[in-house]
Amino acid sequence: MIIPNKPRLTDEEYATLNAIAAEFHCKVGQIHGEAMDVYPIIGDESDDLLINRIEGLPFVDHVARVQEPYKLMARGNKMGITAIKAGTAEIGRDFALIAGACTIDPKNPQYFIETAFACKEAGARILRGGVWKPRTNPHTFQGDDKSLQILMDAKAKTGLPVNTEVMDERQLRLALEAGVDMLQIGARNALNYSLLKNVGVSIKGKPVAVILKRSIHAGPMDEFISAAEYIVAGGNPNVALCPRGTVPKVDGFRYNPDDHITMLLKKKTWAPVVVDPSHAVGNPAYVPHACLAAAAYGADGVMVEAHVNPKAGLGDDPKQAVTPDVLAKVYKDCQAIWRVARGYT
Ligand code: PEP
Ligand code: MN
């Protein structure tokens, strides 16, 4: 909808709008209001160039979009999907648990294997394990290629599909060659469009899913959804959206928990929403409550950092991993809350 900066456009101005719209195979209508006229764009208004051209005209105040800027992710376009697939796991039919270590310790593989079995026992559908880690400090442990083998061993032993973060094309290739079932795009790379495009193209036609974290900055909802659009546009709709907390942080939490955006994401898109409570609150004492909140908001699951012996872990595990007993209890309670929350949708 084009909103002019004066009550009525001249015939010449209206013709200018139509000439630009025609370049994008659209037309411009005219709605006569009492105080002013407004001008709907008729046709596909999703092209940013069209909007920018019109907003650049001296007699236009702004364009209020009616159609979302993303075509594939929009709720109206279900793409035939009811649940996404990551290997043998499905997400989007009920409340799913993804759990495992923040970081796999290549020197102590037994911790990850024990954690994997404990997560399975707690009900996890997908096992997470960080092979390569984005660290704020370049001198802290960055992950290790060797951990990929440990992740795949855990997959073979437990039968669980596995998830790991990839940050570049080399890691993407190694993860896909090894048989990783779900790729994680982390908060730091959430707007790395060349990586997102590459992931989209690389997984085309493969039974691989992507869990896309929300960027660390509290950007607009459409920015988050459009990032997912990059992946889906590559040819694989197995994408889940993951709110994980933003900056500026809430004093006392690690970030600013954003689990409540689940409701908005679900209204705008068809994609499952899997909340990451671990990074949002950053404290094992708060993680269970944050999991329950995600279920109350109607999320399709949570991705939780868990470890059999958090203090002996690497990366975030000593600070924020929950133990398997807590994980098992909270997952049961989440399922109950999720069923209650469903009564309100
Ligand atoms: C992680 O999942 O361990 C991680 C690094 O997450 P984020 O990208 O959300 O910081
Ligand atoms: Mn982590």
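Can you report the number of residues in region 83-110 which are under 15 Å from residue 232 (Cα atoms) and not small (Gly, Ala, Ser)? So that I can check it myself, show each step before the final result.
At the first step, the residues of region 83-110 found to be under 15 Å from residue 232 (Cα atoms) are 83-86.
Remaining after also requiring not small (Gly, Ala, Ser): 84-85.
Here the count works out to 2.
If I ask for residues that are in a helix (DSSP H, G or I) and out of contact with any His (no Cβ under 9 Å at 6 or more places or on another chain), which ones from region 310-329 would you list?
310, 311, 312, 319, 325, 326, 327, 328, 329
One line per residue, one yes/no per condition, for (1) surrounded by fewer than 18 Cβ atoms within 10 Å (Cβ to Cβ); (2) farther than 30 Å from residue 293 by Cα; (3) over 32 Å from the mean Cα position of the chain (by Cα):
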residue	(1), (2), (3)
5	yes, yes, yes
19	yes, yes, yes
35	yes, yes, yes
60	no, yes, yes
87	no, no, no
110	yes, yes, no
116	no, no, no
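More than 16 Å from ligand 2 (Cβ to nearest atom) and either in the same structural domain as residue 142 (by TED's automatic domain parsing) or free of Cβ contacts under 8 Å to residues at least 24 places away in the same chain (or both): which single residue out of 290, 312, 299, 321 fits that description?
299
Considering 121, 34, 114, 90, which residue is modelled with pLDDT under 95 and out of contact with any Phe, Trp or Tyr (no Cβ under 6 Å at 6 or more places or on another chain)? Steps first, answer last, please.
On the way: 121 fails: modelled with pLDDT under 95; 114 fails: modelled with pLDDT under 95; 90 fails: modelled with pLDDT under 95.
Result: 34 is the single residue among 121, 34, 114, 90 that is modelled with pLDDT under 95 and out of contact with any Phe, Trp or Tyr (no Cβ under 6 Å at 6 or more places or on another chain).
What residue, of 218, 178, is in the same structural domain as residue 89 (by TED's automatic domain parsing), under 26 Å from residue 287 (Cα atoms) and among the aliphatic types (A, V, I, L, M)?
Values: 178 fails: under 26 Å from residue 287 (Cα atoms).
Among 218, 178, only 218 is in the same structural domain as residue 89 (by TED's automatic domain parsing), under 26 Å from residue 287 (Cα atoms) and among the aliphatic types (A, V, I, L, M).
For region 38-53, indicate whether the set of residues that are under 35 Å from the mean Cα position of the chain (by Cα) and of a type in the set (Lys, Arg) is non-empty.
Within region 38-53 (the criterion being under 35 Å from the mean Cα position of the chain (by Cα) and of a type in the set (Lys, Arg)), the answer is yes, since at least one residue qualifies.
Considering only region 248-281, state which residues are in contact with a strand residue (DSSP E or B) (Cβ under 8 Å, 6 or more places away or on another chain), more than 24 Å from residue 91 (Cα to Cα) and away from ligand 1 (no atom under 11 Å from the Cβ).
Hits for region 248-281 are 248, 249, 250, 256.
Farther than 19 Å from residue 105 by Cα, out of contact with any helix residue (DSSP H, G or I) (no Cβ under 7 Å at 6 or more places or on another chain), at pLDDT 95 or above and of a type in the set (Val, Ile, Thr): which single residue out of 287, 340, 326 fits that description?
Going through 287, 340, 326 in turn, the sole match is 340.
The values are calculated or read from the model by the stated rules, or taken from the named source; none is laboratory data. Source: prediction; values computed, not measured. Using ideal geometry, Cβ is built from the backbone for each residue, glycine included, and neighbour counts are taken over all protein chains shown.
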